1. Does Pro70 meet the test of being crowded, with 18+ Cβ neighbours inside 10 Å and at pLDDT below 95?
2. Does segment 24-40 hold any residues that are among the small types (Gly, Ala, Ser) and within 15 Å of Arg132 (Cα to Cα), and which are they?
3. Does segment 1-26 hold any residues that are open to solvent by 50 Å² or more (accessible area, probe 1.4 Å), touching a residue at least 12 places away in the same chain (Cβ under 8 Å) and not polar (S, T, N, Q), and which are they?
4. Regarding Gly81, is this residue open to solvent by less than 40 Å² (accessible area, probe 1.4 Å), over 30 Å from Arg30 (Cα atoms) and either outside any loop (DSSP other than H, G, I, E, B) or modelled with pLDDT under 95 (or both)?
5. So in segment 27-78, with the set limited to residues that are touching a residue at least 40 places away in the same chain (Cβ under 8 Å), assigned to a helix (DSSP H, G or I) and more than 16 Å from Lys113 (Cα to Cα), which one is farthest from the chain's Cα centre (by Cα)?
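The values are calculated or read from the model by the stated rules, or taken from the named source; none is laboratory data. What you see is a predicted model, and the numbers here were worked out from it, not measured in a lab. When we count neighbours, we look across all protein chains shown, and the Cβ atoms used for this are built from the backbone with ideal geometry, even at glycine. These accessible areas exclude ligands, DNA and RNA; they are computed on the full protein's heavy atoms, side chains included. Shrake-Rupley method; radii C 1.70, N 1.55, O 1.52, S 1.80 Å.
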Amino acid sequence: MKTLNIKADRKNLHRVLAFIDRELFNAGCRMKTKIQIDIAAEELFTNIAAYAYEDGPGDVYIDIDINGDPASAEITFSDSGKPFDPFSNEDPDITLNAEERSVGGLGVYMVKKTMDEVHYEYSDGMNHTTIRKMI
(Lines give C-alpha, C1' and ligand atoms only; values in the text may rest on other atoms or scores of the structure.)
Protein backbone atom coordinates (compact mmCIF):
# COMPACT_ATOMS: atom_id res chain seq x y z
CA MET A 1 0.00 0.00 0.00
CA LYS A 2 1.19 3.50 -0.87
CA THR A 3 0.08 6.66 0.96
CA LEU A 4 0.05 10.32 0.00
CA ASN A 5 -0.51 12.97 2.69
CA ILE A 6 -1.54 16.26 1.10
CA LYS A 7 -3.47 19.44 1.88
CA ALA A 8 -7.12 19.36 0.79
CA ASP A 9 -6.68 22.15 -1.72
CA ARG A 10 -7.91 21.98 -5.31
CA LYS A 11 -4.49 23.23 -6.43
CA ASN A 12 -3.13 19.84 -5.34
CA LEU A 13 -5.42 17.80 -7.59
CA HIS A 14 -2.67 17.26 -10.18
CA ARG A 15 -0.42 15.76 -7.47
CA VAL A 16 -3.20 13.45 -6.30
CA LEU A 17 -3.87 12.20 -9.83
CA ALA A 18 -0.15 11.80 -10.57
CA PHE A 19 0.23 9.69 -7.40
CA ILE A 20 -2.71 7.45 -8.33
CA ASP A 21 -1.76 7.22 -12.01
CA ARG A 22 1.81 6.17 -11.18
CA GLU A 23 0.53 3.20 -9.18
CA LEU A 24 -2.05 2.28 -11.82
CA PHE A 25 0.59 2.46 -14.57
CA ASN A 26 2.96 0.24 -12.55
CA ALA A 27 0.12 -2.30 -12.19
CA GLY A 28 -0.57 -2.34 -15.95
CA CYS A 29 -3.98 -0.71 -15.67
CA ARG A 30 -5.91 -0.22 -18.93
CA MET A 31 -6.44 3.40 -20.07
CA LYS A 32 -10.25 3.26 -19.90
CA THR A 33 -10.12 2.01 -16.30
CA LYS A 34 -7.50 4.62 -15.37
CA ILE A 35 -9.71 7.40 -16.71
CA GLN A 36 -12.71 6.10 -14.72
CA ILE A 37 -10.62 5.96 -11.55
CA ASP A 38 -9.20 9.44 -12.21
CA ILE A 39 -12.70 10.90 -12.61
CA ALA A 40 -13.83 9.26 -9.37
CA ALA A 41 -10.70 10.40 -7.50
CA GLU A 42 -11.10 13.94 -8.82
CA GLU A 43 -14.72 14.07 -7.63
CA LEU A 44 -13.91 12.78 -4.16
CA PHE A 45 -10.80 14.90 -3.63
CA THR A 46 -12.38 18.14 -4.86
CA ASN A 47 -15.44 17.54 -2.66
CA ILE A 48 -13.17 17.13 0.37
CA ALA A 49 -11.25 20.26 -0.62
CA ALA A 50 -14.46 22.26 -1.05
CA TYR A 51 -16.56 21.08 1.89
CA ALA A 52 -14.67 19.12 4.58
CA TYR A 53 -12.80 21.93 6.29
CA GLU A 54 -14.35 25.27 7.23
CA ASP A 55 -11.18 27.05 8.43
CA GLY A 56 -8.93 26.43 5.41
CA PRO A 57 -7.46 23.28 3.94
CA GLY A 58 -6.80 20.36 6.23
CA ASP A 59 -4.96 17.16 5.48
CA VAL A 60 -6.11 14.31 3.28
CA TYR A 61 -4.48 10.90 3.37
CA ILE A 62 -4.84 8.93 0.16
CA ASP A 63 -4.04 5.23 0.32
CA ILE A 64 -3.86 3.07 -2.78
CA ASP A 65 -3.60 -0.68 -2.58
CA ILE A 66 -3.43 -2.86 -5.68
CA ASN A 67 -3.81 -6.56 -5.07
CA GLY A 68 -5.67 -9.73 -5.92
CA ASP A 69 -6.01 -11.97 -8.91
CA PRO A 70 -7.58 -10.49 -10.92
CA ALA A 71 -6.10 -7.26 -9.66
CA SER A 72 -8.13 -4.44 -8.21
CA ALA A 73 -7.22 -0.96 -7.05
CA GLU A 74 -8.60 0.17 -3.71
CA ILE A 75 -8.22 3.88 -2.99
CA THR A 76 -9.18 5.42 0.35
CA PHE A 77 -9.48 9.15 1.02
CA SER A 78 -9.24 9.92 4.75
CA ASP A 79 -9.80 13.35 6.26
CA SER A 80 -10.61 14.81 9.68
CA GLY A 81 -13.14 17.29 8.32
CA LYS A 82 -16.86 17.38 9.01
CA PRO A 83 -18.40 13.89 9.02
CA PHE A 84 -20.07 13.32 5.67
CA ASP A 85 -21.05 10.19 3.75
CA PRO A 86 -21.02 11.15 0.06
CA PHE A 87 -22.86 7.95 -0.84
CA SER A 88 -25.83 8.44 1.50
CA ASN A 89 -27.81 10.90 -0.65
CA GLU A 90 -30.43 9.64 -3.04
CA ASP A 91 -29.24 9.28 -6.62
CA PRO A 92 -30.33 12.09 -8.95
CA ASP A 93 -33.13 11.37 -11.39
CA ILE A 94 -31.19 11.36 -14.64
CA THR A 95 -34.36 10.92 -16.66
CA LEU A 96 -35.28 14.56 -15.96
CA ASN A 97 -34.11 17.45 -18.12
CA ALA A 98 -31.15 19.39 -16.73
CA GLU A 99 -33.48 22.29 -15.88
CA GLU A 100 -35.74 19.99 -13.86
CA ARG A 101 -32.99 18.31 -11.84
CA SER A 102 -31.82 19.61 -8.49
CA VAL A 103 -28.25 20.90 -8.34
CA GLY A 104 -25.52 18.55 -7.14
CA GLY A 105 -25.06 14.84 -6.74
CA LEU A 106 -24.24 13.94 -10.34
CA GLY A 107 -20.50 13.54 -9.71
CA VAL A 108 -20.96 11.16 -6.79
CA TYR A 109 -23.59 9.31 -8.84
CA MET A 110 -20.96 8.81 -11.57
CA VAL A 111 -18.51 7.51 -8.95
CA LYS A 112 -21.08 4.98 -7.73
CA LYS A 113 -21.89 3.84 -11.27
CA THR A 114 -18.29 3.48 -12.54
CA MET A 115 -16.60 1.92 -9.51
CA ASP A 116 -17.07 -1.73 -8.58
CA GLU A 117 -17.46 -0.87 -4.89
CA VAL A 118 -17.85 2.30 -2.85
CA HIS A 119 -17.77 2.54 0.92
CA TYR A 120 -17.84 5.25 3.58
CA GLU A 121 -16.98 4.97 7.25
CA TYR A 122 -16.49 7.51 10.03
CA SER A 123 -14.12 6.27 12.71
CA ASP A 124 -11.59 7.73 15.13
CA GLY A 125 -12.64 11.27 14.16
CA MET A 126 -11.99 10.70 10.45
CA ASN A 127 -13.97 10.23 7.26
CA HIS A 128 -12.80 7.23 5.23
CA THR A 129 -14.19 7.14 1.69
CA THR A 130 -13.11 4.10 -0.32
CA ILE A 131 -13.50 3.15 -3.97
CA ARG A 132 -12.51 -0.15 -5.55
CA LYS A 133 -12.17 -0.97 -9.24
CA MET A 134 -10.99 -4.09 -11.01
CA ILE A 135 -8.00 -3.21 -13.18
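1. Answer is no for this residue.
2. Ala27, Ala40
3. Met1, Lys2, Lys7, Arg10
4. no
5. Filtering segment 27-78 for residues that are touching a residue at least 40 places away in the same chain (Cβ under 8 Å), assigned to a helix (DSSP H, G or I) and more than 16 Å from Lys113 (Cα to Cα), the one farthest from the chain's Cα centre (by Cα) comes out as Ala50.
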